[in-house]
1. For every helix of n ≥ 4 consecutive DSSP H residues, a contribution of -39,500 (n - 2.57) applies; sum these over the chain, divide by its total residues, and give [θ] at 222 nm rounded to the nearest 500 deg cm²/dmol.
2. By DSSP, what percent of the beta bridges with both residues in the chain are antiparallel, rounded to the nearest 5?
3. Assuming a ≥ b ≥ c are the square roots of the Cα gyration tensor eigenvalues, decide whether region 24-107 counts as rounded (a/c under 1.5), prolate (otherwise, with a/b larger than b/c) or oblate.
4. Given the Cα-Cα distance of residue 215 and residue 13 and 0.36 nm per residue of separation, how much length would full extension add, in nm?
5. For residue 108 and residue 85, calculate 0.36 nm times their separation in residues minus their Cα-Cα distance, and state this gained length in nm to one decimal.
6. Express the Stokes-Einstein translational diffusion coefficient of the chain in µm² s⁻¹, to the nearest whole number, given a Kirkwood radius over alpha-carbon pairs, 4 °C and a viscosity of 1.567 mPa s.
Ligand code: DX5
Ligand code: ZN
């Protein structure tokens, strides 16, 4: 699989969201990462289904909806109705992860499961057969612009080995502190989908940042064992 870039709109200009989305779409981004926070599971509040519905109207990119919320089962249908293509829940936010992943599957959208930096891969590995994507957080969720936590590379490697060994279809996404410096080690560890927020939207010219990252991913990607 080709490496994929998923710009996170968390660091975009929310008053000009349509423009920022159009810029990254035209520059070749593969999907749009949407961070949903509830002020309970994480110490921040962001957006809900109405905003996802508006975003759906301005882009053809798949919407990768990252739910950093407690009791996700309650809200998953609303995000699916709003136009989500992949819905990712946190293992730490669900009591019955197997049930939640099957529930997302029953709604005919992509199924994602995420783990915080300090949560071991072992917590979810038996459920990876139910998921299309494993999202490994490389910062503590809640805010953009944080520093990549290096030990998360070990977790990417561990998940990569397990997925390959069991021939699972689940892809590995990494989220948090991804920039031109941290992308290469994350690629080498075996991640395939890269979320980047501040590296793309902070400081202007998101289109150029997307092109730069895609170019870097291209030079790395085709030489790894995993793409
Ligand atoms: C953090 C979010 C991330 C965030 C990444 O809780 O899940 O998607 O937007 O932002 P950067 O790339 O700035 O670390
Ligand atoms: Zn995210």
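1. -10000 deg cm²/dmol
2. Looking only at bridges with both residues in the chain, the antiparallel portion is about 5 percent.
3. Because a/c hits 1.5 or more and a/b exceeds b/c, region 24-107 counts as prolate.
4. Contour length minus the Cα-Cα distance gives 70.3 nm.
5. Here the answer is 7.4 nm.
6. D = 75 µm²/s.
Computed from the coordinates by the stated procedures, all read-outs in this text should not be read as laboratory data. Everything numeric here is computed off the predicted structure, so don't read it as measured data.
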